[in-house]
Every structure is written in structure tokens, then in C-alpha cells.
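The values are calculated or read from the model by the stated rules, or taken from the named source; none is laboratory data. Everything quoted here is computed from the prediction, not taken from an experiment. Cβ placement follows ideal geometry from the backbone for every residue including glycine, while neighbour counts extend to all protein chains displayed. Remember, those area values only see protein heavy atoms, side chains included, never the ligands or the DNA or RNA. Shrake-Rupley method; radii C 1.70, N 1.55, O 1.52, S 1.80 Å.
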Amino acid sequence: MATIVPSVSWPGACWTLLVCCLLTPGAQGQEFLLRVEPQNPVFPAGGSLLVNCSTDCPSSKKIILETSLSKELVDNGTGWAAFQLSDVTGNSRILCSGYCNGSQITGFSDITVYSLPERVELAPLPSWQPVGQNLTLRCQVEGGSPRTSLTVVLLRREEELSRQPAVGEPAEVTATVPTSRKDHGAHFSCRTELDMKPQGLGVFWNTSAPRQLRTFALPVTPPRLVAPRFLEVEKSWPVNCILDGLFPASEARVYLALGDQMLNVTVMNHGDMLTATATATARADQEGAREIVCIVILGGERLEAWENLTVFSFLGPILNLSEPSAPEGSTVTVSCMAGARVQVTLDGVAAAAPGQPAQLQLNATESDDGRSFFCSATLEVDGEFLYRNSSVQLRVLYGPKIDRATCPQHLKWKDKTRHVLQCQARGNPYPQLRCLKEGSNREVPVGIPFFVNVTHNGTYQCQASSSRGKYTLLVVMDIEAPNSPSVPVVLAVLVILGVVTVVVALMYVFREHKRSGRYHVRQESTSLPLTSMQPTEAMGEEPSRAE
């Protein structure tokens with residue numbers, strides 16, 4: 001009777017099998033066999049194996065192991081021997097032999113070694129892959145056995161794209177797949193599968209490092225560049241570059257340049273549309289014909305757009321007054337100038353030639369106060385005319401004056417009524433106007449309503465004063481008391497007095513004629529002509545006094 005007690009230990013690539021055999025003598029004439037255990041083992045390459053050779057033959061004294069592998073006798077006894085095989089790297093057949101009753105007996109076992117591939121690598125992908133074009137994937141596999149159980153799988157993320165056996169050393173597996181926008185950012189890899197399930201094991205996987213794919217699409221149309229046709233030196237102007245149908249727009253690089261001057265670009269994208277904005281500021285050394293360029297780079301390809309631009313200098317117009325605040329009667333010179341090639345026109349009078357100034361002179365008067373002078377400048381740039389205007393206002397300093405037309409010098413108002421003294425003064429600087437009653441310095445308001453009574457009777461000095469001098473105008477206020485005779489009564493009294501005077505005068509003339517005995521009465525007149533006497537004192541205008 002034989003009892004076999006196996007003991008298996010598999011740390012990593014090491015396989016150990018311990019077999020103990022207890023032998024019982026057989027009957028006379030029995031045929032004895034030489035057993036090899038383990039029988040047809042499978043284990044990882046590079047491991048070690050304990051092999052036991054045994055027989056039931058009681059006369060068998062010595063058992064040997066024949067193999068090309070490295071071996072070491074561990075122990076032996078009657079009818080058995082144990083050997084340690086180490087560094088088993090390949091498939092091999094081992095043979096145990098011995099003698100029983102003078103005859104050789106043998107036994108063998110086939111060792112099957114499996115190994116995972118040493119290298120599984122997906123070939124590098126293109127930096128950028130155009131959308132719609134086919135992509136070829138290549139996976140190389142070095143090592144791995146048994147090859148009949150080794151399969152190579154190409155993957156997109158977890159999606160299986162191709163499954164092929166590993167053939168050759170190294171094995172190379174390829175597959176061609178179409179690409180789309182969805183593949184942008186996708187990871188591709190390859191995986192080996194060593195199927196050892198028929199040998200009672202499992203499936204061993206070995207996966208390459210993933211590689212990321214970037215896909216792109218470019219429109220057939222170039223970018224649309226929005227830039228000024230003219231740009232003045234030291235002036236700034238926005239420049240826009242727009243491109244639609246770009247994928248992925250966020251990955252694109254955009255450059256804007258004015259000549260050899262790179263501009264600071266701000267890029268915004270919305271979907272497949274990209275908008276780049278920059279501010280162009282021309283330098284003085286860039287004056288003349290220039291080119292502004294927009295370059296969009298994606299997927300190693302570039303799209304360009306450019307526009308012609310003229311950088312120009314436009315100085316002026318500069319409008320000056322020899323005396324911005326000129327005293328009345330002084331001479332003022334107005335001049336307007338601009339840069340080279342600029343034609344200026346001052347108040348409708350053009351300069352002699354472009355680049356030349358325009359001038360005019362005047363004697364400052366009161367009517368020139370606040371007068372505006374206008375200068376226009378014209379510059380031709382590439383057949384286009386550019387215009388600029390400037391204006392300046394003259395300030396004439398003159399003494400105060402009171403407008404007689406707006407300030408009545410004789411006012412006749414009723415007592416206990418409300419009135420407004422309408423007087424206006426002018427001058428530069430603007431004067432202060434006060435109306436004071438002569439003899440009392442009583443002041444009445446000017447331009448605002450006030451209550452009138454008989455105490456306002458009298459003559460007033462309305463005086464306008466400023467730093468340029470004073471101007472005085474006399475205004476008489478005649479306030480009529482409520483019990484004063486009415487105007488018709490006064491007139492009637494004057495008429496009666498006039499008639500009495502005429503009658504007395506005629507009687508005196510008649511008496512003188514009678515004394516001389518000569519008189520004659522005209523028959524055709526039956527009435528005496530009457531004339532009214534003018535008042536001895538008339539309210540005339542007081543002369544104005546200027547101080």
C-alpha cells in the first residue's frame with residue numbers, strides 16, 4: 001500500500017511539490033513500475049520543482065534522474081529518490097530510471113513552463129490625428145509562453161478593437177480604425193491574454209501603458225481678421241481674429257502681430273468658434289505701409305489671415321491765441337498749425353501750403369468777447385482724407401456798461417404797488433449792479449419785484465462796477481400818492497390859465513391900438529387862436545456819467 005502526501009508551495013515563480021511514498025512489497029512475479037511525480041506539471045518559468053521517483057520493487061536500491069535541467073539530490077531510500085530542479089525556464093521531459101531484479105525500469109514526466117510577456121507596448125500615436133482619417137495601432141509583444149495560448153487585444157478605453165494571436169518573436173499586431181471627434185482625449189492600449197485554463201489555471205493579463213489620442217479638425221476657410229485700415233502713431237485700436245469650425249477650439253494657439261511686433265492676445269472660444277482680441281498700438285518707427293497678421297495653429301497645421309494697414313502721424317490742429325484774455329482795444333493774433341503734410345484752414349482761410357500755419361489778427365472789441373475761432377486740418381493717407389477740427393474762444397476784458405434800452409431813466413409808479421426795476425449791466429468781468437437813492441444811499445433791488453411807496457420818490461444812481469471800472473446811470477422814480485389830482489384835472493387847469501393869459505394879452509394890445517387911433521379887426525376870423533403853454537420844467541433825460 002502506498003500513501004502519497006503532496007505539499008505545494010507557489011511563492012511567485014517558485015513551485016515546490018513534496019511527495020512521500022511508503023512502499024509495500026508486492027507478490028512474486030509482479031511487474032513493478034517507476035513512478036515520476038508530479039506528473040506533467042505546469043508552473044511559471046524560472047521556478048524550482050521537487051521531483052520524486054519511486055517504485056514498489058523491493059530490490060531497487062538506486063534511482064537516478066536524467067534531465068538537462070539543474071538538479072540536486074535531496075534524499076533517497078529503498079525504492080525512492082527525491083530531486084530538486086531549479087531555474088526551470090523552458091519546457092522539458094525528465095526521466096527517472098532504476099533496476100529491479102536485474103531489469104531496468106523507467107518513468108517520465110513532461111514539464112510545461114508558462115511565462116508572461118516581458119514587454120507589451122503600444123507604439124506611439126500621432127501628436128494630432130485629423131478627424132475622419134484612419135489610425136493604425138501597433139502593439140509589440142516580447143516573450144510570453146506558451147505562444148499557442150497567447151492572444152493580443154487592442155483597446156480604445158475598454159472597447160475591444162482587435163483580437164489576434166501572438167505570432168513571431170517579437171510579435172507585432174496591427175489594427176486600423178477610423179477616428180472621430182469622440183476620440184479626442186481617448187486612451188488606447190494593448191493587452192496580452194495568456195489562457196492557462198486548460199491546464200487548470202486561469203487567464204493571465206498583461207497590459208501596456210495607455211496612450212492618449214488628440215484629434216482635430218480645421219475649416220477650409222481662413223480666419224476673418226478685423227483690423228483698421230489706418231492706425232495713428234501712439235494711438236490704440238482693437239484687432240479681432242475670428243475662426244469658426246475649429247475643433248477643439250480650446251487647444252488652438254493664436255498669434256496676432258503688427259509687422260514684427262507681437263500683440264498680447266486674449267482668446268475666447270464658444271463651441272467651435274474662436275475669437276482672439278488684441279490692442280494694436282503703433283510706434284513712430286512703424287510709420288508707413290504695414291501688415292497685420294493673424295495665425296491660428298492646431299494639430300501642427302496653421303491658418304493665416306492678413307490685412308494691409310498704414311501707420312500715420314497726424315499732429316494738430318494746434319490753435320493758439322496770443323492773448324486768451326485780451327483787454328479791449330488790444331491786438332490779438334490767432335494762429336493754427338499742424339504737422340507735415342497737413343493742410344489747415346482757419347475760419348475759412350486756408351494756409352499757403354500743407355505743413356504751413358494759418359494766422360489772422362484783430363483789434364479786440366466788446367463784440368469779440370466770447371467769439372469762437374475754428375481751425376480744420378486735413379491729411380491725405382492712401383487716397384483717403386482724414387479730418388480734425390479744433391476751436392478756441394476769445395475772452396475780451398472791457399469795463400462795465402448799463403444798457404439804456406433795458407433800464408428806463410424815468411419811472412412813474414403808483415404808491416403801494418409792486419414793481420420790478422429792470423436794469424441790466426454787462427462787462428467782462430461781469431459787473432455788480434446796485435441802485436442807491438441820492439442823499440440817503442437807500443438801495444432798491446434790481447431785477448426782482450419789490451413793494452413801492454411814496455418814500456421811493458427821488459433820483460437813484462444805478463452803478464455797475466468791476467475791476468475794469470464803474471458806470472453810473474441816473475434813474476428818477478416818481479411815485480404818485482393816492483390823493484394827488486388826476487392828470488385830466490391838471491390839464492384842464494393849465495388850459496384855463498392859458499386862455500386867461502391870451503385874453504389879457506389881446507385886451508392889452510387892443511387898448512394900445514385904441515390910444516393910437518389905429519386898429520383893425522379881421523372879419524374872416526370869428527375866433528381867437530388859443531395855444532397852451534408848455535410847463536416851465538420838463539422831465540428830461542439826465543445825462544449819463546461815466547467815471
Quiz item: With every protein chain left in place, what is the accessible area of Tyr99 in Å² (1.4 Å probe, nearest 10)?
Solution: 130 Å²
Self-check item: Length gained when the stretch Val420-Asp110 is fully extended (0.36 nm per residue, less Cα-Cα span)
Solution: 97.9 nm
Self-check item: DSSP-assigned coil residues among trypsin sites (Lys or Arg not before Pro) in region 256-313, each with at most 10 further Cβ atoms within 10 Å
Solution: none
Self-check item: Gained length - Arg138 relative to Arg442, 0.36 nm times residue gap less alpha-carbon distance
Solution: 98.0 nm
Quiz prompt | Using θ = phi - 60° and Karplus 6.51 cos²θ - 1.76 cosθ + 1.60, couplings along region 419-434 (whole Hz; Gly, Pro as x) | solution = 9, 10, 7, 8, 9, 10, 10, 9, x, 9, x, 5, x, 9, 10, 9
Self-check item: Accessible-area ranking of His419, His410, largest first, probe 1.4 Å
Solution: His410, His419
Exercise. Starting from the Cα-Cα distance between Glu291 and Glu158, subtract it from 0.36 nm times their residue separation and give me the gain in nm to one decimal.
Key: 42.8 nm
Quiz item: ³J(HN,Hα) across region 40-53 via Karplus (A = 6.51, B = -1.76, C = 1.60, θ = phi - 60°), whole Hz, x for Gly/Pro?
Solution: 6, x, 10, 7, x, 4, x, x, 10, 9, 9, 10, 10, 10
Practice problem: With a 1.4 Å probe and every protein chain left in place, tell me how much accessible area Arg229 has, in Å² to the nearest 10. | Solution: 120 Å²
Quiz prompt | Pairwise label distance in nanometres, Gln261 with Thr501, each label 7 Å out on the Cα-Cβ vector | solution = 9.6 nm
Practice problem: Give the cross-link partners of Lys235 among the lysines, using a straight C-alpha distance below 24 Å as the criterion and excluding same-chain residues fewer than 8 apart. | Solution: none
Quiz item: What list of ³J(HN,Hα) couplings, whole Hz, do you get for region 466-479 from phi and the Karplus terms 6.51, -1.76, 1.60, once you set θ to phi - 60° and write x for glycine and proline?
Solution: 8, 5, 8, x, 10, 9, 10, 9, 8, 10, 9, 10, 10, 9
Self-check item: Set of aspartates and glutamates with alpha-carbon distance to Lys62 below 20 Å, sequence-local pairs under 8 removed
Solution: Glu31, Glu37, Glu72, Asp75
Quiz item: Counting pairs of alpha carbon atoms under 8 Å apart in space and at least six apart in sequence, what relative contact order in percent does region 71-171 give?
Solution: 17 percent
Exercise. Leaving ligands, DNA and RNA out of it, work out the accessible area of Ile111 with a 1.4 Å probe and give it in Å² to the nearest 10.
Key: 0 Å²
Self-check item: Heavy-atom accessible area order for Ser208, Ser367, largest first, 1.4 Å probe
Solution: Ser367, Ser208
Quiz item: From the cross-link list Lys412/Lys437; Lys416/Lys437; Lys416/Lys470; Lys412/Lys470, which pairs have alpha carbons spaced over 23 Å apart?
Solution: Lys416/Lys470; Lys412/Lys470
Quiz prompt | Partners for Lys197 among aspartates and glutamates (Cα-Cα distance below 20 Å; same-chain residues under 8 apart left out) | solution = Asp110
Practice problem: For Val153, Val120, give the ranking by accessible area with the largest first, probe 1.4 Å. | Solution: Val120, Val153
